[in-house]
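What follows is a single structure, written as structure tokens, with notes after it.
The values are calculated or read from the model by the stated rules, or taken from the named source; none is laboratory data. This structure is a prediction, so every number in the text was calculated from the model and none was measured. Methodologically, a virtual Cβ is constructed for each residue, glycine included, from the backbone with ideal geometry; neighbour enumeration extends over all protein chains shown. Calculation scope for accessible area: heavy atoms of the full protein, side chains included, ligands and nucleic acids excluded. Shrake-Rupley method; radii C 1.70, N 1.55, O 1.52, S 1.80 Å.
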Amino acid sequence: MGRRSVLGGAAALGLAGTAFGTTAHAADAPPKERTRAGRFQGKSVLITGATSGIGRAAAKAFADEGAHVGFCGRRVELGRQVEREIRDAGGEATYVQADVRLEAQVRAFVDRVASRYGGIDVAFNNAGIGSGKPPHEMSVEEWDDVQSTNARGVFLAIKYEVPHMLRAQRGVIICTSSSAAEQARPGSAAYSASKRAVQGIVKAAALAYGTRGIRLNALLPGTTDTPFVRPPGIPDADWSTYKRAWGPLNVDGLERMAEAEEIARAVLGLASDDFPYMTGASITVDGGSTTGRKMLQPSGT
Ligand SMILES: NC(=O)c1ccc[n+]([C@@H]2O[C@H](COP(=O)([O-])OP(=O)(O)OC[C@H]3O[C@@H](n4cnc5c(N)ncnc54)[C@H](OP(=O)(O)O)[C@@H]3O)[C@@H](O)[C@H]2O)c1
């Protein structure tokens, strides 16, 4: 398996859109009483793309710290599973099936979370897909799907989250960009472009809403061990071996991939009250992979 297969890897490209729906059992029951205190006690947290990976880890971490979490993704079974895991652990979460490429679904999802949990205190716009082809091998449809999910999807989420936050005159929005926005790969044209776009949207929106109580920042994770990069069906032992070899070759700082929970911790930090003066920033959490390269000597010298 080469670099390209990992970077383009298991990232789901262009899965067909699904019908909008919600889990019937969670529809109108009142939020559970929280038993655990935390930084986000009683806060309403919205996450796009939390059926898997970083979003899933963030949903669990926010719920662990007392948040009421409303999240979306297209895969109903996974969404219900994450919702169930959070509730079984004593947390509060609602899964809403929504595709971030579809305006009506994004709007309905955002409004549903706001009405269920009394507004939106924090939004984590995280849904994304990868791509691993150089331009001449990529179809226009594939290009459009990456932009539509990663860039337009973030725009749509912000568009419908902000009115709720403006009403409250407060809110924090974190959008998932990528270290690939800063450091391209041969096959990352569509992906890097889309993640640069996320940075641009965040910077402009930070200026638009700064004096109205809303802060926005972009998070740039490095390669993270999620289904985004892990080839489907690979046995755990083989994947561990591969990761051990991959780290020193690709991450000159920490020499390993990130775990989803580590990226989630950065999200919670950015969403907390700890950084009230931070807005419009691009925060890289990549183990040093874009910091620079170690000096390599030609073999035999
Ligand atoms: N893993 C990495 O190495 C890495 C590095 C840098 C940045 N990122 C970024 O981090 C974010 C999360 O990725 P991940 O690593 O956690 O990958 P993942 O495990 O594949 O999760 C991606 C999430 O996005 C959702 N999603 C994708 N397309 C969607 C759509 N059209 N509508 C709604 N939800 C959609 C998926 O849900 P459904 O499939 O159920 O819709 C899933 O919950 C992405 O934006 C990715 O670009 C990842």
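Computed over the chain, relative contact order equals 20 percent, with contacts defined as Cα pairs under 8 Å that lie 6+ residues apart.
Percent of accessible area on the chain owned by carbon and sulfur, 1.4 Å probe?
Working: 7620 of 13610 Å².
That fraction is 56 percent.
Extension gain, Thr291 to Ala168, is 40.4 nm, computed as 0.36 nm per intervening residue step minus the present C-alpha separation. Given +1 at the Cβ of Lys and Arg, -1 at the Cβ of Asp and Glu and no other charges, the dipole of the range 46-115 around its Cα centre is 220 debye to the nearest 20.
Considering only the Cα atoms of the range 225-269, their convex hull presents on average a projected area of 3.6 nm².
Note on the chain: dipole from Cβ charges, positive end direction compared against Ala89, Ala67, Gly200; the farthest Cα belongs to Gly200. Taking the centroid of alpha carbons for each part, the range 107-156 and the range 169-190 are 12 Å apart. Arg230 exposes around 60 Å² of accessible area when a 1.4 Å probe is run over every protein chain in place. Each of Tyr277, Gln41, Ser179 was placed along the dipole of the chain (beta-carbon charges, centred on the mean Cα), and the one lying farthest toward the positive end is Tyr277.
Quick one: dipole size for the chain, taken about the Cα centre, charges +1 on Lys/Arg Cβ and -1 on Asp/Glu Cβ, in debye to the nearest 20.
Numbers: 36 positive and 31 negative charges, 85 e Å.
Taking the Cα centre of the chain as origin, the dipole is about 400 debye.
The candidates Asp273, Asp225, arranged from most to least accessible area with a 1.4 Å probe in the full protein assembly, appear as Asp273, Asp225. When both bridge partners sit in the chain, DSSP labels roughly 5% of those beta bridges antiparallel. The ratio of the alpha-carbon radius of gyration of the range 70-205 to the globular-protein estimate 2.2 N^0.38 Å is 1.12.
Computed over the Cα atoms of the range 149-269, the ratio of the radius of gyration to the Kirkwood radius (Rg/Rh) comes to 1.05. Here the spin labels are modelled as points 7 Å beyond Cα on the Cα-Cβ line, and at Ser115 and Ala237 they lie 5.3 nm apart.
Projected onto its three principal axes, the C-alpha set of the range 249-301 covers 53, 22, 13 Å, listed from the longest axis down. If the viscosity is 1.567 mPa s and the temperature 4 °C, what translational diffusion coefficient in µm²/s does Stokes-Einstein give for the chain when Rh comes from Kirkwood over Cα pairs? Approximately 67 µm²/s, per Stokes-Einstein. Dipole check for the range 192-278: with +1 at the C-beta of Lys and Arg, -1 at the C-beta of Asp and Glu, and the Cα centre as origin, the magnitude is about 480 Debye.
Taking 0.36 nm per residue of separation and subtracting the current Cα-Cα distance, fully stretching the chain between Tyr277 and Arg39 would add 83.9 nm. Nearest 500 deg cm²/dmol is fine: what mean residue ellipticity at 222 nm does the chain get from its DSSP H runs of n ≥ 4 alone, each adding -39,500 (n - 2.57), divided by its residue count? Counting only the DSSP helices, I get -12500 deg cm²/dmol. Among the protein heavy atoms, those of Thr284 account for about 60 Å² of accessible surface (1.4 Å probe, every chain in place). Just so you know, the Rg over Rh for the range 205-301 is 1.11, from Cα atoms, with Rh as the Kirkwood radius.
Are any of the pairs Lys133/Lys159; Lys60/Lys203; Lys60/Lys243; Lys159/Lys243; Lys43/Lys195; Lys159/Lys294 more than 32 Å apart by Cα-Cα distance, and if so, which? Over 32 Å Cα-Cα: Lys159/Lys243; Lys159/Lys294.
Per residue, how many Å² of accessible area does the range 141-219 show with a 1.4 Å probe? Display every interim value, and only then the final one.
On the way: 3070 Å² over 79 residues.
That works out to 39 Å² per residue.
If the chain linking Arg244 and Glu103 were pulled fully straight, counting 0.36 nm for each residue of separation and taking away their Cα-Cα distance, it would gain 46.6 nm.
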